[in-house]
Amino acid sequence: KNLEMLRKTRKPFLSQKRLAERLGVCRSTYAHYEMGKRQAPAFFIAKAAEYFKISADRLLKEKLWKE
């Protein structure tokens, strides 16, 4: 859910495809990470954290969305 929240609150809005391209994975792979169907590898977590300017620890452990 953190990946989805970060992607959707980014201005301008990022599609899964555009963000996947920026992080170096195909859209379907990214979609599986976002939905929790596949566990993202360390290189992806590091790239995503750097892209969103947050720590990898925060990306993995904190609940960044509101219910």
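The values are calculated or read from the model by the stated rules, or taken from the named source; none is laboratory data. These figures come from a predicted structure and were not determined experimentally. Note that we place each Cβ from the backbone using ideal geometry, even for glycine, and neighbour counts take in every protein chain shown. The protein model used for the area step is the full one, side chains on, heavy atoms only, and it has no ligands, DNA or RNA in it. Shrake-Rupley method; radii C 1.70, N 1.55, O 1.52, S 1.80 Å.
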Among the trypsin sites (Lys or Arg not before Pro) in the chain, which ones are in a DSSP loop with at most 10 other Cβ atoms within 10 Å of the Cβ? Mind listing them?
Lys37, Lys53, Lys63, Lys66
Among (1) 24, 53, 21, 2; (2) 24, 59, 16, 0; (3) 21, 62, 16, which is the computed P(r) over Cα pairs in 10 Å bins from 0, in percent?
(3)
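Taking all protein chains in place and a 1.4 Å probe, what share, in percent, of the accessible surface of the chain do carbon and sulfur account for?
51
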If each residue of separation counts as 0.36 nm, what is the full-extension length gain between Lys11 and Lys37 once their alpha-carbon separation is subtracted?
6.7 nm
Under 18 Å Cα-Cα from Lys17, which lysines qualify once same-chain neighbours fewer than 8 residues away are excluded?
Lys1, Lys8, Lys37, Lys47
Sparse-neighbourhood loop sites, chymotrypsin sites (Phe, Trp or Tyr not before Pro) in the chain - DSSP loop, at most 11 other Cβ within 10 angstrom:
Phe13
Show that you can apply the helix-only estimate: for the chain, add -39,500 (n - 2.57) for every DSSP H stretch of four or more residues, divide by all residues, and state [θ] at 222 nm to the nearest 500.
-17000 deg cm²/dmol
What accessible area per residue comes out for the chain, rounded to a whole number of Å², with a 1.4 Å probe?
70
For the chain, averaging the sequence separation of alpha carbon pairs under 8 Å that lie six or more residues apart and dividing by its residue count, the contact order in percent is 36
